[in-house]
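The values are calculated or read from the model by the stated rules, or taken from the named source; none is laboratory data. What you see is a predicted model; the values in this text were computed from it and never measured. With ideal geometry, Cβ positions are generated from the backbone for all residues, glycine too; neighbour counts draw on all protein chains shown.
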Amino acid sequence: MSTDPALFTRMYERSPDPWDFRDRWYERRKRGLTLAALPEERYGSAFEAGCSIGLLTRGLAARCSRILSMDSAPGAVAQARRELSGLDHVRVVRGRVPEDWPEGTFDLVVLSEVLYYFDNTELRGVLDRTLSSSAPGATVIAVHWRHEAAEHVRTGDDVHRILDGTPWLSRTCRHIEDGFLLEAFTVGHLGTARGEAP
């Protein structure tokens, strides 16, 4: 089963920054590498699933004309909105993918530290929604912690094996370290055969 979204609500109730995104060098460096891995200088429209407190969103805002960011935890959404206040081209909403996937077409889909929380059915749903909402040639960027965690359904390495085996994703960048795996992909045309999670 997928990780219960209530877990994240409780985590943000206990701490405003449960993963120490703001202060840990590991997290700050990973954000920088994620932004550096984007193959295009500018994007028209981006969707970020699981934005947490909005720190990666802030970096993306300098590269995108419009960003829609989403998180399931009310505490994370409130903080992200404060973090991004004054950026009129950025919108933060509460929701959970795949069921609350937004309408529209995106040039960039950001899946950072989210895919290992989904069971096979929901992961397949996220990948299908990624394809159906991506413009041909869009960028999908994914980054995940590589080690096991009690709340994860699968490892980050497992997530990226599935992404690498998805026919409509063509990898343009791969960065691997002991702690995390970062990959950028280009989306094939919508007529391309859909990939499926196992």
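Which of the residues that make up region 107-132 are among the hydroxyl-bearing types (Ser, Thr, Tyr) and either over 16 Å from Val97 (Cβ atoms) or surrounded by fewer than 18 Cβ atoms within 10 Å (Cβ to Cβ) (or both)? Matches in region 107-132: Thr121, Ser132. Quick one: is Leu68 under 14 Å from the mean Cα position of the chain (by Cα) and surrounded by 23 or more Cβ atoms within 10 Å (Cβ to Cβ)? Here the answer is no, as Leu68 does not meet what is asked.
When the residues of region 133-172 are filtered to those that are among the acidic types (Asp, Glu) and either modelled with pLDDT of 95 or more or part of a helix (DSSP H, G or I) (or both), the one that is surrounded by the fewest Cβ atoms within 10 Å (Cβ to Cβ) is Asp164. Does Val97 satisfy the condition of being in a strand (DSSP E or B), surrounded by 14 or more Cβ atoms within 10 Å (Cβ to Cβ) and touching a residue at least 40 places away in the same chain (Cβ under 8 Å)? Answer is no for this residue.
Taking region 16-63 as the range and being over 15 Å from the mean Cα position of the chain (by Cα), surrounded by 13 or more Cβ atoms within 10 Å (Cβ to Cβ) and among the hydrophobic types (A, V, I, L, M, F, W, C) as the test, only Trp19 passes.
Of the residues Val153, Val140, the single one that is out of contact with any Cys (no Cβ under 8 Å at 6 or more places or on another chain) and within 18 Å of Glu48 (Cβ to Cβ) is Val140.
If I filter region 5-21 for residues that are touching a residue at least 60 places away in the same chain (Cβ under 8 Å), under 19 Å from Gly95 (Cβ atoms) and out of contact with any Gly (no Cβ under 9 Å at 6 or more places or on another chain), do I get at least one hit? Yes, some residue in region 5-21 is touching a residue at least 60 places away in the same chain (Cβ under 8 Å), under 19 Å from Gly95 (Cβ atoms) and out of contact with any Gly (no Cβ under 9 Å at 6 or more places or on another chain). Within region 74-94, the set of residues being under 17 Å from the mean Cα position of the chain (by Cα) and touching a residue at least 60 places away in the same chain (Cβ under 8 Å) comprises just one member, Ala76. Here Val110 fulfils each of the conditions (1) of a type in the set (A, V, I, L, M, F, W, C); (2) modelled with pLDDT under 95; (3) under 24 Å from Leu35 (Cβ atoms) apart from (2).
The set of residues in region 143-175 being in contact with a helix residue (DSSP H, G or I) (Cβ under 9 Å, 6 or more places away or on another chain) and of a type in the set (A, V, I, L, M) consists of Val143, Ala149, Val153, Val159, Ile162, Leu163, Leu169.
Do we have Arg63 as more than 15 Å from Glu113 (Cβ to Cβ) and among the charged types (D, E, K, R) here? Against the criterion (more than 15 Å from Glu113 (Cβ to Cβ) and among the charged types (D, E, K, R)), Arg63 qualifies. For region 136-184, residues that are more than 16 Å from Leu38 (Cα to Cα) and among the hydrophobic types (A, V, I, L, M, F, W, C) total 9.
Scanning region 144-177 for residues that are under 15 Å from the mean Cα position of the chain (by Cα) and among the aromatic types (Phe, Trp, Tyr) turns up just one, Trp145.
Return yes or no: is Val110 closer than 16 Å to Gly156 by Cα and in a strand (DSSP E or B)? In short, yes.
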